[in-house]
1. With θ set to phi - 60° and the Karplus curve 6.51 cos²θ - 1.76 cosθ + 1.60, what are the ³J(HN,Hα) couplings of segment 112-125 in order, to the nearest whole Hz, using x for Gly and Pro?
2. Only helices at least 20 Å long along their axis, Cα-based, and averaging 0.0 or more on Kyte-Doolittle count here, so list those DSSP H runs from the chain.
3. Would you tally the net charge around P254, using a Cβ to Cβ cut-off of less than 10 Å, leaving P254 out, and scoring K and R as +1, D and E as -1?
4. Contour minus end-to-end for L370 and A121, with contour as 0.36 nm per residue of separation and end-to-end as the Cα-Cα distance?
5. Efficiency by 1/(1 + (r/R0)^6): what FRET value for R420 and K41, r their Cβ-Cβ distance, R0 = 51 Å, to the nearest 0.05?
6. Between K157 and E320, what is the spin-label point distance in nm, taking each point 7 Å from the Cα along the Cα→C-beta axis?
7. For segment 314-460, what is the percent of antiparallel DSSP beta bridges, rounded to the nearest 5?
8. Among residues other than W304 whose Cβ falls under 15 Å from its Cβ, what is the net charge (Lys/Arg +1, Asp/Glu -1)?
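Coordinate-derived values only; no laboratory data. In this text, all values refer to a predicted model and were calculated from it rather than measured experimentally. Glycine also receives a Cβ, built like all others from the backbone with ideal geometry; neighbour counts cover every protein chain displayed.
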Amino acid sequence: MKPNNIVRLGLDVGSTTAKIIVVEDPADTVVFSKYVRHNTKIFETVTNLLEDAKTIIGNSIFSIAITGSAGYGLCEKLNIPFVQEVVATSVLVKKKYQEVKTLIDIGGEDSKMIFFSKNRAPDIRMNGSCAGGTGAFIDQIASLLNVTTEELNVLAKKHTRLYPIASRCGVFAKTDVQNLLSRKIPIPDIAISSFQAVVSQTLNTLARGFDINPKVMFVGGPFNFLSELKNLFITNLKLKKEEVAETNFSLYFPAYGTALSIEDNQPSFDVESLIHKIEKSAKNIIFKDRLNPLFKNNEEQKRWMAGKEKMKIKQVSLHEYQGEICFMGIDSGSTTSKITIVGQNNELLFKYYANNHGNSVEVIEKGLKLFEQEKKKQRPDRPLKIVHATSTGYGEDLIKAAFGLPKSVVETIAHYTAARFLDPEVSFIMDIGGQDMKAIFMNSKVKQSLRENASIDDISAGLA
């Protein structure tokens, strides 16, 4: 670096990642950039990024501004200018990519679309209220399929057709994915369909009332790492190759724009003084408006624990159990599967819990094999026969058919039956599951009201 050049540093601290970019005058040349996941360790990550930048800029004096969803709090503590993310992006397009008429930016927890017109302020659209159409949505689908996002992209390249997947919400999308998995739809088709859900959500939510005119630029982590996602957008928008604007700074776009937004009169630092300021701020964090503790003291906690013990289910090992018959219950949920084996006196003999990883039948089969292994190990010379089995949960019909079970039961009835066994006077049941929430109100053992996916406000008002 030339010693007399003006140095500007842009820092983008988002919901999942942090990006740093260093530019120097006179041509706003990028001399350093880095992208990392911060894993919620904001102060440590920013300090490490500054240390890395020091290898290039040395002890040069620089101006700095910060953007990103997690950057505002950092600005308040450090008294450093904050630049709104879409404003920073708009500044960069106007200065460096004037041919761009539409910019689509997908981040970890939001998505943005900016329309540029001559002699008019940019029209900015943003979705930050729902995971649909964001990187988090893709992460959820990849997790459900037990693959990385990079592997999801590779799988998507091998697809043969698209299937409809709910795009508005990750919860509903996972329900659709579970249904596709139960129908043995190929994983590559599910992968590309999840990308199409992102495309549909982004275009339907953000492009309403506006034509998407070329050139179009795609920026953000998902576009940088997931080529099939970008290709789907291009296909849906019917764009020609020359109508897509490319950039080498897709990952760093808001950070780059933030650096270019810094005015000449902003505070200046060297790396060491800024790191010292960050470390000092990290030590002086004061939490305001804390919630009251669950328990005022240890005695109150002990009383609560004692109350729980009254509801404790009796457990007996397979070796100690004297009976020769038992009963099995299987709960095939949206994200996990559970198996319980109970004896003649309702004692719990065996329990199993595991994530589905996209294949509940395989997980249940593994649990049953584990039960057989334990049975042979603990009672090699004594028979134990399952005389009845029932399934419940999201996949109750699938499990019933797959394993030839004689019966299945609606999940809410299973909840009520278990709750009544523990407490005959039960009046309210709440269940928070992988993809839904249920509240059941009872009066004199008569089910009074049931509502799935009720809001907290509904439940607290007694309307569920």
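1. Each residue's phi maps through the Karplus curve to give 9, 9, 10, 10, 10, 9, 5, 6, 9, 5, x, 8, 10, 10 Hz.
2. Counting only whole DSSP H runs, the qualifying helices are 42-57, 187-206.
3. Charge balance in the 10 Å sphere: -1.
4. Values: separation 249, 0.36 × 249 = 89.64 nm, distance 6.42 nm.
Working it through step by step, the gained length comes to 83.2 nm.
5. For R0 = 51 Å, the calculated efficiency reads 0.65.
6. Each label point lies 7 Å from its Cα, and together they span 5.6 nm.
7. 70 percent
8. Net of charged neighbours comes to +3.
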